[in-house]
Amino acid sequence: ALSIGIVGLPNVGKSTLFTALTKRGGLAANYPFATIEPNVGIVDVPDARLGALAKIVNPGRIVPATVEFVDIAGLVKGANAGEGLGNQFLANIRETDAICEVVRYFSDPDVVHVDGRVDPAADVDTIQTELILADLASLEKQIPRLEKDARRDKELQPKLAVAQRLTEWLDEGNRAATMPMTPEERDAARDLFLLTMKPIIYVANVDEDQVTETPAPINGEQPIPVCAEVEAELAELDEAEAQDFLESLGLERSGLEALAQRAYQVLGLQSYFTAGPMEVKAWTIPVGAKAPQAAGVIHSDFERGFIKAEVASYDDYIENGGEAGCRAQGKLRMEGKDYVVQDGDIMHFRFNV
Ligand code: GDP
């Protein structure tokens, strides 16, 4: 599943937000047999199309796409000095697809700020410095090995070259992801497993009366306003109560859901659907994925034995009242292995076992 690591300075509201994540209802229903690590919380990606599809097929259940949030403790100023970032920290964060940084915007004077003032831009700088230092330390270890190996294996030379350029780039205080690179260089850079290559999403933990405002941008990025305390309260409510509470705040959905949705965008992901009497389900694929890759998300056998896919576009499916209607109107297409799946497609795979 898509996973996102939550980082931030101490006392910015990470635990509050994370507790809200892990307390949410939907979880147990969709993952009855999964063992979920204590530092993992799962959030549904809201998608109104699921409800519309369910009206047509009346499924036993609706299964939305999900995003997994991983609580990554241990990032403080100076973490790189001495021991460096803890191994556990690095191991946890390396496995995530993106980083979500919680930044304190809320003013509450009763909550002490580690540096004695509320200054989102400075906090972001502090964390960025730690991540950059961790990447530099990692490159410092990788480069001598690469130099040695590249002498024997010429194919490693582009990777070595990009590692050296990245060292300079990071040294100037930049994130690896922002370095101009050709697609080949980018692939090589990904192989270096740097923290600052990961997409980053900023969450502005704002006061309750600020949740509908647009927070000031950080590093040119628009942070997502969330009030961790509100999220914690929402997590305790049943669905109807939560809806009322959200409305009273002037919100359409919770901050966590907005965050899950943004993560999808940032990571270039989209959904296709399967729809039947058992369930209507959203499946996550990268934009540009072809039919066999999409099938592989359901099961690797589906990808290996892929023959073809029966596809209806979302609009056709809704307009014609489902699969039978689409078939009658010639709107059910047979697509082969080169078909590029479109967002919202309703798919049915044929495969060899
Ligand atoms: P962490 O160290 O980043 O995990 O921060 P915590 O979640 O433990 O929060 C630190 C303190 O800030 C706690 O006392 C929280 O109750 C408080 N806090 C967290 N989020 C908010 C918020 O949105 N508004 C206010 N006023 N206080 C908050």
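Quick notes on this one:
- Only one of the numbered conditions (1) among the hydroxyl-bearing types (Ser, Thr, Tyr); (2) buried (at least 21 other Cβ atoms within 10 Å of the Cβ); (3) part of a strand (DSSP E or B) is violated by THR284, and that is (2).
- Test: residue in segment 252-265 that is touching a residue at least 40 places away in the same chain (Cβ under 8 Å), surrounded by 14 or more Cβ atoms within 10 Å (Cβ to Cβ) and among the polar types (S, T, N, Q): yes
- Flag if LEU251 is away from the ligand (no atom under 13 Å from the Cβ) and in a loop (DSSP other than H, G, I, E, B): yes
- Test: residue in segment 172-192 that is surrounded by fewer than 19 Cβ atoms within 10 Å (Cβ to Cβ), modelled with pLDDT of 90 or more and under 26 Å from SER15 (Cβ atoms): no
- Any hit, segment 84-96, residues being surrounded by fewer than 18 Cβ atoms within 10 Å (Cβ to Cβ) and at pLDDT below 65: yes
- Test: residue in segment 218-233 that is surrounded by fewer than 16 Cβ atoms within 10 Å (Cβ to Cβ) and either at pLDDT 95 or above or among the polar types (S, T, N, Q) (or both): yes
Conditions (1) crowded, with 17+ Cβ neighbours inside 10 Å; (2) touching a strand residue (DSSP E or B) at 6+ places or on another chain (Cβ under 6 Å), marked per residue:
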| position | (1), (2) |
| --- | --- |
| PHE306 | yes, yes |
| ASP315 | no, no |
| GLU323 | yes, no |
| ALA328 | no, no |
| ARG333 | no, yes |
| GLN342 | no, no |
| MET347 | yes, yes |
| ARG350 | no, yes |
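- The criterion of at least 3 residues that are in contact (Cβ under 8 Å) with a residue 60 or more places away in the chain is met, among helices (runs of 4 or more DSSP H) falling completely within segment 116-211, by 120-152.
- Taking the conditions (1) touching a residue at least 40 places away in the same chain (Cβ under 8 Å); (2) charged (D, E, K, R); (3) more than 30 Å from VAL203 (Cβ to Cβ) in turn, LYS281 satisfies each one other than (3).
- For segment 200-221, a residue qualifies if it is closer than 12 Å to LEU259 by Cα, away from the ligand (no atom under 11 Å from the Cβ) and not β-branched (Val, Ile, Thr), and exactly one does: TYR202.
- In the set (1) at pLDDT 90 or above; (2) surrounded by 13 or more Cβ atoms within 10 Å (Cβ to Cβ); (3) hydrophobic (A, V, I, L, M, F, W, C); (4) at negative phi, MET278 fails one condition alone, (2).
- Scanning segment 252-271 for any residue that is modelled with pLDDT of 90 or more and over 21 Å from the mean Cα position of the chain (by Cα) turns up nothing.
- Hits in segment 222-237 - residues which are within 13 Å of the ligand (Cβ to nearest atom) and in a strand (DSSP E or B): PRO225, VAL226
The values are calculated or read from the model by the stated rules, or taken from the named source; none is laboratory data. Remember, it's a predicted structure, so these values are computed and weren't measured experimentally. Positions of Cβ are generated from backbone atoms using ideal geometry, with glycine treated the same way; all protein chains shown enter the neighbour counts.
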